[in-house]
1. Filter segment 100-117 down to residues that are out of contact with any strand residue (DSSP E or B) (no Cβ under 7 Å at 6 or more places or on another chain) and within 26 Å of residue 273 (Cβ to Cβ) and give me whichever is surrounded by the most Cβ atoms within 10 Å (Cβ to Cβ).
2. For segment 23-49, how many residues meet the condition of being over 10 Å from residue 69 (Cα atoms) and at pLDDT 95 or above?
3. Out of the residues in segment 37-73 that are free of Cβ contacts under 8 Å to residues at least 60 places away in the same chain and touching a helix residue (DSSP H, G or I) at 6+ places or on another chain (Cβ under 6 Å), state the one that is farthest from residue 101 (Cα to Cα).
4. So, residue 23, is that one over 30 Å from residue 198 (Cβ atoms), touching a strand residue (DSSP E or B) at 6+ places or on another chain (Cβ under 9 Å), surrounded by 14 or more Cβ atoms within 10 Å (Cβ to Cβ) and small (Gly, Ala, Ser) or not?
5. Being touching a residue at least 40 places away in the same chain (Cβ under 8 Å) and outside any helix (DSSP H, G or I) is the filter here; which residues of segment 105-129 pass it?
6. When only residues in segment 53-104 that are part of a helix (DSSP H, G or I) and acidic (Asp, Glu) count, which is nearest to residue 285 (Cα to Cα)?
7. Among the numbered criteria (1) more than 18 Å from residue 240 (Cα to Cα); (2) of a type outside the set (Val, Ile, Thr); (3) in contact with a strand residue (DSSP E or B) (Cβ under 6 Å, 6 or more places away or on another chain), which one does residue 83 miss?
Amino acid sequence: MKKIVELHDGSTLEVGLTGNPYGKVIMLPVAKKSVYGQEADSLKMWGVDPELGKHFVEGLSDTFQVLYFDYEGHLFEHPQSDSLTPENMAQDLLHIADEMKVGKFSYYGYSWLALVGLQLAIRTNRLESLIVGGYPPYEGPYKEMMTVTEKTYEQAMNHQNIPEYPHEEPASPEAIDWNNIRVKIDPNQTKQFFTMYQSLTDFNDKEIQDKLNFPKLAFAGEKDTIVYGENFGSVTVDIIGLLQKNEKQLTSFGWDVEILKGNDMNHTKAMQPASVLPLIKPWLMKHFLT
């Protein structure tokens with residue numbers, strides 16, 4: 001079943017519900033639409049599955065009902081430059097569930113969509129479980145990400161009228177000089193994420209742990225440390241370091257913590273279906289099929 005759902009800003013998003021009609025519902029806001037041809041080849045160069053959403057949905061739908069949509073893709077097409085706040089995001093996600101006649105559900109998000117899952121969890125009693133990947137749910141890097149998103153927005157504003165850089169498609173990700181790269185993007189697309197982190201300035205994830213009374217899993221790749229150059233505030237977002245540092249604390253709060261091993265298991269690789277499904281599907285089955 002597919003349906004067009006109107007969000008808080010009046011924009012509309014295609015949402016799907018498929019899978020085992022007797023299974024628990026898993027919300028997947030990470031379900032990007034498949035791309036083909038040259039665009040697919042470019043994504044593969046960066047280690048990204050061009051059919052990421054399809055593979056997630058297919059991988060889970062034999063056992064569970066999957067409520068899926070591409071929230072990030074929607075926001076790039078319909079930027080919410082001044083209204084991408086935790087309250088509005090939670091409102092959107094709950095409205096989507098309502099429109100699809102879904103009551104309780106589990107949630108899986110990665111990176112900033114993992115952060116969204118935390119914000120949703122403290123604003124509803126409808127979550128049955130929570131899986132956050134690529135973002136530590138305790139002592140998260142909110143200040144660092146606010147710096148990165150602010151600098152990205154500033155660059156997008158300053159570079160609106162200059163030629164794109166690099167001028168030619170790089171041969172590989174390693175060929176890009178990240179210290180000198182210029183952001184050439186719609187400023188509204190970048191401002192919305194600065195708005196989001198700005199609205200989380202006073203948020204303390206240590207104080208919400210006792211509200212998360214359901215099964216929960218946090219994971220990251222063992223090489224998930226992102227070092228940003230001067231253009232992005234010279235900050236380091238050490239996802240794996242924070243997760244490892246607080247693993248015992250998280251376990252005491254009832255979290256399951258998993259590290260995806262591999263010398264190349266960085267932020268991008270650890271979000272691909274081939275990496276994630278072998279971890280989250282058995283975990284969900286353990287909690288909901290026994």
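The values are calculated or read from the model by the stated rules, or taken from the named source; none is laboratory data. What you see is a predicted model; the values in this text were computed from it and never measured. Using ideal geometry, Cβ is built from the backbone for each residue, glycine included, and neighbour counts are taken over all protein chains shown.
1. So the first thing to find is which residues in segment 100-117 are out of contact with any strand residue (DSSP E or B) (no Cβ under 7 Å at 6 or more places or on another chain), and the list is 101, 103, 111-112, 115.
Filter once more, keeping what is within 26 Å of residue 273 (Cβ to Cβ): 111-112, 115.
Details: 111: 21, 112: 19, 115: 27.
Checked segment 100-117; the qualifying residue surrounded by the most Cβ atoms within 10 Å (Cβ to Cβ) is 115.
2. Selection size over segment 23-49: 4.
3. Here the answer is 50.
4. Numbers: over 30 Å from residue 198 (Cβ atoms): yes; touching a strand residue (DSSP E or B) at 6+ places or on another chain (Cβ under 9 Å): yes; surrounded by 14 or more Cβ atoms within 10 Å (Cβ to Cβ): yes; small (Gly, Ala, Ser): yes.
So residue 23 passes the test.
5. Scanning segment 105-129 gives 105, 106, 107, 108, 109, 110, 111, 122, 127, 128, 129.
6. Start the filter on segment 53-104 by keeping residues that are part of a helix (DSSP H, G or I), which leaves 53-60, 71-77, 86-99.
Add one more test, that the residue is acidic (Asp, Glu), and what stays is 58, 72, 77, 87, 92, 98-99.
Working: 58: 15, 72: 27, 77: 35, 87: 30, 92: 27, 98: 24, 99: 26 Å.
Restricting to residues being part of a helix (DSSP H, G or I) and acidic (Asp, Glu), the top hit is 58.
7. All conditions pass for residue 83, except number (3).
Every residue, every condition in (1) closer than 20 Å to residue 116 by Cβ; (2) at pLDDT below 95; (3) outside any loop (DSSP other than H, G, I, E, B); (4) not hydroxyl-bearing (Ser, Thr, Tyr), yes or no:
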position	(1), (2), (3), (4)
174	no, yes, yes, yes
180	no, yes, no, yes
183	no, yes, no, yes
188	yes, yes, yes, yes
197	yes, no, yes, no
259	no, no, yes, yes
270	yes, no, yes, yes
